[in-house]
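Have a look at the structure below before the remarks.
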Amino acid sequence: MLEPIGAIYHLSRMTADTPIDAGTAAYRGFLFVDLRGFTAFGERYGNAAAAAKVSRFLEIGRKAIARHEGAEIKTEGDNIFAVFPSASGAVLSGLEIVDTEEELNAEDPQRPLRMGVGIHAGEAVETAEGYIGRAVNIAARLCAVAKPGEVLVSSTVKGITQASIPVGFIPRGRRRLKGIQDPIVVYAVTRDMTAGAPRAMPRPVVLGATGVAIAVVIALAALAASRWSTSPGASAAPTSASSPQRVVIGPLPIGTYRSQTFQPSVTFNIVDQGWTLNRDVAEMLGLVREVGPPGGVSFLRVQEVISNPCIEGGEGGQTGPASGDLLTTLAGLEHLTLMNSQPVSVGGYAGQQVDVTVSDSAQAACGGLVGGGVAIFAAGGEVWRASPGERFRLVAVNVGDKSVTIVSSADWTQTPSVQEVESLLELAQRVLDSVTF
């Protein structure tokens with residue numbers, strides 16, 4: 001990972017014609033790209049294969065950067081830092097990098113390249129030693145939390161580029177990045193221009209202040225079935241009797257939906273506005289909400305429980321645990337505390353619910369650039385993270401021969417109140433009755 005040295009990124013390539021003005025801040029686009037899982041790859045395949053992989057990574061990055069008028073500022077083995085005269089150039093370069101990665105991985109799926117890209121734009125002072133500025137640091141932190149094959153940008157970059165280049169933006173919520181005082185609103189960039197765009201909705205169902213607190217509704221519903229089933233009047237009948245429509249990335253109008261790619265297929269009702277689907281792949285179905293209070297819901301086919309809070313994920317842990325084994329593994333991790341274990345029913349299948357708390361000091365001994373949270377699970381080539389001190393709910397259930405893990409959490413960059421969490425629990429029952437596999 002790239003780490004600022006005294007908030008200065010040293011220039012690796014400068015010419016006699018390079019302008020140097022230590023007193024003037026210039027507005028630039030900054031891009032960081034990092035090769036993930038490199039240490040584990042070298043351990044498995046040896047130094048020669050690792051060197052060839054780095055060479056290919058650098059070739060891809062440098063071609064894309066040069067094609068979009070960027071300049072390589074610093075390279076350290078498995079990462080690159082580049083600057084662009086515009087945010088649009090940085091975004092297009094980042095997309096080209098992950099597109100090339102996807103093509104190469106299709107050709108050689110046994111030894112995939114796994115790259116994450118982070119981009120921010122802003123003022124930075126160029127000196128003889130390098131660029132100095134908050135904009136550079138934010139770009140580096142976004143790269144640190146980007147998932148493999150993902151280009152993460154700030155809301156600043158979205159605002160600058162959305163009317164200039166043919167791309168779409170998928171909301172990833174507010175993230176608290178290491179060393180950055182205020183949470184950053186984050187988006188993933190995609191070639192799909194319709195992703196995340198507002199869509200026509202049917203006549204709304206308005207539920208007032210509590211209605212906007214359904215961000216974690218599906219997972220919480222699945223988690224707390226037995227608890228809520230004893231509360232008179234807690235359950236709301238599904239509002240739609242029509243055939244479910246397949247979900248698409250972006251906002252979900254009120255209605256009944258079925259996952260298109262996630263397996264086992266999940267059907268559920270949306271009865272309140274504000275939901276956005278941001279993932280539907282074979283091993284992950286995710287919904288996010290950025291309003292009152294923000295949070296997220298993820299249905300996961302967990303490939304790995306990440307036992308070390310000091311790694312970015314995908315470099316160690318237990319692979320493919322069944323539901324019971326997953327809970328046992330989590331219970332054995334010193335930085336996690338599991339409480340309130342109880343049986344639940346999810347879509348007619350028996351499961352086990354637990355409340356999980358991440359230790360406040362989970363990353364105290366890590367040092368360096370450790371991204372925006374503690375890596376908990378790897379699924380579908382991505383990592384689900386939680387903040388130090390965060391409390392989230394989890395249900396583990398076997399659906400036929402498939403183990404499904406459902407996690408829900410409010411946005412802990414803002415530390416939700418007990419009342420906010422309780423509002424989510426009350427609203428969760430609306431979806432609980434509609435969830436089927």
Inspect all residues belonging to region 86-97 and state whether any of them is part of a strand (DSSP E or B) and in contact with a Gly (Cβ under 6 Å, 6 or more places away or on another chain). no
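Taking region 60-85 as the region of interest, how many residues are part of a loop (DSSP other than H, G, I, E, B) and of a type in the set (D, E, K, R)?
Step one: of region 60-85, the residues part of a loop (DSSP other than H, G, I, E, B) are 68-70, 76-78, 85.
Now drop any that are not of a type in the set (D, E, K, R), which leaves 69, 76, 78.
Matching residues across region 60-85 total 3.
Within region 157-166, is even one residue touching a Ser or Thr at 6+ places or on another chain (Cβ under 6 Å) and closer than 27 Å to V281 by Cβ? Reasoning before the result, please.
At the first step, the residues of region 157-166 found to be touching a Ser or Thr at 6+ places or on another chain (Cβ under 6 Å) are 161, 164-165.
Filter once more, keeping what is closer than 27 Å to V281 by Cβ: 161, 165.
Yes: one or more hits.
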For region 243-257, indicate whether the set of residues that are among the hydrophobic types (A, V, I, L, M, F, W, C), in a loop (DSSP other than H, G, I, E, B), within 16 Å of the chain's Cα centre (by Cα) and modelled with pLDDT of 85 or more is non-empty. no
Spot the failing condition for Q110; the list is (1) modelled with pLDDT of 75 or more; (2) touching a helix residue (DSSP H, G or I) at 6+ places or on another chain (Cβ under 8 Å), and only one is missed. (2)
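Would region 79-92 turn up any residue that is at pLDDT below 90 and over 18 Å from A26 (Cα atoms)?
Within region 79-92, the subset at pLDDT below 90 is 79.
Now narrow it down to the ones that are over 18 Å from A26 (Cα atoms): 79.
Looking for residues that are at pLDDT below 90 and over 18 Å from A26 (Cα atoms), one finds at least one in region 79-92, hence yes.
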Please name all residue pairs, on different chains or six or more residues apart, with Cβ atoms under 9 Å, provided the first residue is in region 104-133 and is more than 22 Å from S93 (Cβ to Cβ) and the second residue is polar (S, T, N, Q). R111/N105; V125/T24
Pair list, Cβ under 9 Å, 6 or more apart: region 422-437 residue under 17 Å from T405 (Cβ atoms) and aromatic (F, W, Y), other residue at pLDDT 70 or above and outside any loop (DSSP other than H, G, I, E, B): F437/T267; F437/V346; F437/Y349; F437/V397; F437/V399; F437/K402; F437/V404
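Out of region 159-198, which residues are in a strand (DSSP E or B) and aliphatic (A, V, I, L, M)?
At the first step, the residues of region 159-198 found to be in a strand (DSSP E or B) are 168-175, 184-190.
Scanning region 159-198 gives I170, I184, V185, V186, A188, V189.
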Scan region 314-338 and report the pairs whose first residue is modelled with pLDDT under 85 and whose second residue is of a type in the set (S, T, N, Q) and in a loop (DSSP other than H, G, I, E, B), with Cβ atoms within less than 7 Å and a gap of 6+ or a chain change. G316/S307; G316/N308; G317/S307; T319/Q303; G320/Q303
Within the set of pairs 6 or more residues apart or between chains, which connect a residue that is at pLDDT 85 or above inside region 295-313 to a residue that is among the hydroxyl-bearing types (S, T, Y) and not in a strand (DSSP E or B) with Cβ atoms less than 7 Å apart? V305/T329
Hey, any hits in region 268-281 for a residue that's within 30 Å of I97 (Cα to Cα), in the same structural domain as L394 (by TED's automatic domain parsing) and at pLDDT 85 or above? yes
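The values are calculated or read from the model by the stated rules, or taken from the named source; none is laboratory data. A quick note: this is a predicted structure, and the numbers were derived from the prediction, not measured. Methodologically, a virtual Cβ is constructed for each residue, glycine included, from the backbone with ideal geometry; neighbour enumeration extends over all protein chains shown.
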